Amino acid sequence: MFHPGTIALLAVDLALLLLLVRWPLSRRFDDSDRGAGRIVQLPPIRRPSIPRALSFLLVGAAVSTLIVALRHPQLAQAYNSLVADTLSAANSDTHLTTMYARSLPPLIPAAVVGYLVTIAVVLPATFGRRLMILAHAPLFIALSVLADCFTAILGAATGLPLGPAPLIALLLQSTFGYLLIYRLTFTTYRLPAPTPLPRLRRGDWQDNLVLSLCLVGSLSIVTTLAVLLIQRVGSHPLAAFLILAGLRSGVTDVTFTLLALVRVAGGRKPRPGPQRPALDVIIPAYNEAAGIERLLRSIDRAAGAYGGPVHVVMCDDGSTDDTRALAEAVVAGYRYATGEVIQGPHAGKAKALNLALARCTADYVYRVDADCALDPNAFAHSIPHFLADPRVGTVGVLTLPKEPYGTWIDRMRAMEQLFTYGFCLATLTTVDAVPCIPGTFCAFRRQVAVDFGGFIHGMFGEDAEFTCAFGRLGWRVVMDPRAVSYEDVPPRVGQLRVQRFRWGLGGMMNFSRFTPFGQGAPGPRFWFELPRSAGTRLTSPIHFFVMILAILYGTLQPQPQHNVARFAVVFALAQLPAIIPRIFVILFYRRAHLLAWIPLWLPFSLLKRFFQLESTLACGTRPVRMPAALRSLLPTRRQQPDPAPGS
């Protein structure tokens, strides 16, 4: 028997807690960024540190061991008792509430608390900031307890069996976990200010509806499979781990698959027609003597296949090698394109790009990195998107490593790009949710970019910021995998580390600049893909705690259905939701020779997560002080006049 008054009080508690989480997400009180407009000015970023990241893993393992091994009190039982006591206040059937509480594996609460304690210990920050980080732990415990309670209340109200309840609770806890990590990120780190660009996008209801229906369908499919899994494996940490791993990739991949079906049903892609408008190509280059000739020659071949005017503007950003001389020699011998090489002051990539953009006159501009090469059909396949739809503002293509592949990193990157660009971003085009067109090949409308100030200076992730700026101003973004651009891939792990360190910081900075919580969410790009991709990266360390806790439960508290050997099998099965879709995509693009390298995908994924952790730990932290908006309301001290001479 449920008590409506108590349930109402619990609902009020939940609303107040969610308001406490939501309030800082608008970032209206963060004054870390001293820049203005298209210039971001932040304190220096720390250098990547392997010892710092390793200390995080060691401290995290110790904290996880303490959570599992502590007997007085035993934290898992304490959490279940807290759920039972809270639920008993709303339901007089104590036997049912106790049985329900015992069925809950508190894996997510334990993992989040372990992460918060570890980040508070390891992250270079003031004592006050460490306390603020730790303050998120009781906040999440309260949210998690209320999620479990309302799951039980929902089940009783709808007549659902007790079996699927832990799955629903996991979904709610995961959602609250994402919001809490957003809050932690925005309140802890020094990040760029929200974009000053106005929100001009309108008429997104069709995109929003299609994506919402695909999400509902995906959740229904994955949830059904998860319920069947619970019935087979049982409700314990192993099942929770497998469900979490499946939900993390399965829901997203099934959503992309449904979007692909919608895209196929929607008609054919634009094809080259008789129109051949003039194009400009801009290239920033700094010490790119090793590859600049190949790029410029590939542009000339693409210009020949295109058949229209193509003009190249390469900005040499103060190179100290032969980049400029080699580029001028190739441009002088062009057969189909024309070009020029201009000198930059060595002020960074954004400055070089803006200098080159200022020399352009064509309506359509292509930004290409100096270490890339173009497919001959790159121009011919991308221009039709602009001509067929006046709402298209920028276009990207499938990016792959330069062939032949020489290292295992080349092959892992090829698998990653085939899935990311050839599948995920291509399907997100259906609902205009592409978050980033990389600088390896980005076509855009020149006047739009000029009007909003070109390329941003002073932050990582300028490619994503440029893409989101177009989206915020109302322009659609297209990813067409029919054409290909080729890029250099770091040949060694050390160089891969530097690259992923930059990308990790760029993802945090771009999400903070276009947060949907304070800047609005004009379309699926901002309310779905940006929060999803940022949340996946920011919560990846928590999955380390989930895995460690599941192992420790199997080691310290072994049971017939929960031991280390069984965990090894479950862990292997948990990788299947991520690997199987990649196999199909690889076969679709006729790269079957990559399948022999799939066993290395797990080590590659773990390396990426480690480098992401490095970037998170390197981001500058904010001191604990009163928000600027509140400080401005306080009376300022009057400065005492200097005493008169001789007084």
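The values are calculated or read from the model by the stated rules, or taken from the named source; none is laboratory data. All values derive from a computational prediction rather than experimental measurement. Cβ sites come from the backbone with ideal geometry, for glycine too, and all protein chains shown count toward neighbours. Ligands, DNA and RNA are excluded from the accessible area calculation, which covers all protein heavy atoms including side chains. Shrake-Rupley method; radii C 1.70, N 1.55, O 1.52, S 1.80 Å.
Structural remarks
- Gyration tensor verdict on segment 1-102 (Cα atoms; rounded if a/c is under 1.5, prolate if a/b is larger than b/c, oblate otherwise): oblate
- The chain: angle of helix 576-588 to the longest principal axis, Cα-based, in degrees nearest 10: 20 degrees
- What a 1.4 Å probe finds exposed on the chain is 63% carbon and sulfur by accessible area, rounded to a whole percent.
- Residue-span extension gain [F29 to L606] - 0.36 nm each, minus C-alpha spacing: 204.2 nm
- Whether segment 391-449 is rounded, prolate or oblate, judged on the alpha carbon gyration tensor where a/c under 1.5 counts as rounded: oblate
- Packing rank of 218-225, 149-156, where each peptide gets the mean count of other beta carbons within 10 Å, highest leading: 149-156, 218-225
- Per residue, the convex hull spanned by the alpha carbons of segment 86-148 comes to 73 Å³.
- Here H3 and T536 are evaluated by their C-beta separation; at R0 = 56 Å the FRET efficiency comes out at 0.90.
- When volume of the Cα convex hull per residue in Å³ is computed from the coordinates, the matching label among [x] 182; [y] 149; [z] 203 is [z].
- Segment 102-201: C-alpha gyration tensor shape, a/c 1.5 cut-off, then a/b vs b/c: oblate
- Principal-axis tilt of helix 323-332 within the chain, Cα atoms, nearest 10 degrees: 50 degrees
- Measuring r between the beta carbons of V216 and F584 and using R0 = 30 Å, the FRET efficiency lands at 0.85.
- Inter-label distance, A260 to R102: 4.5 nm, where each label sits 7 Å from its Cα along the C-beta direction.
- In summary, the aspartates and glutamates within cross-link reach of K608, defined as a Cα separation below 13 angstrom excluding same-chain residues under 8 places away, comprise E416.
- Inter-label distance, nm, simple model (7 Å from Cα along the C-beta direction), L54/L18: 4.4 nm
- Per residue, the accessible area of the chain comes to 43 Å² when a 1.4 Å probe rolls over the protein heavy atoms.
- C-alpha long axis of helix 205-233 to longest principal axis of the chain, angle in °: 50 degrees
- Placing T394, T98 in order of accessible area, with the largest value first and a 1.4 Å probe, yields T98, T394.
- The slack in the chain from V569 to T224, taken as 0.36 nm per residue of separation less the alpha-carbon distance, amounts to 122.0 nm.
- Computed FRET value (nearest 0.05) for V450 with E403, which takes r as the C-beta separation and R₀ as 45 Å: 0.80
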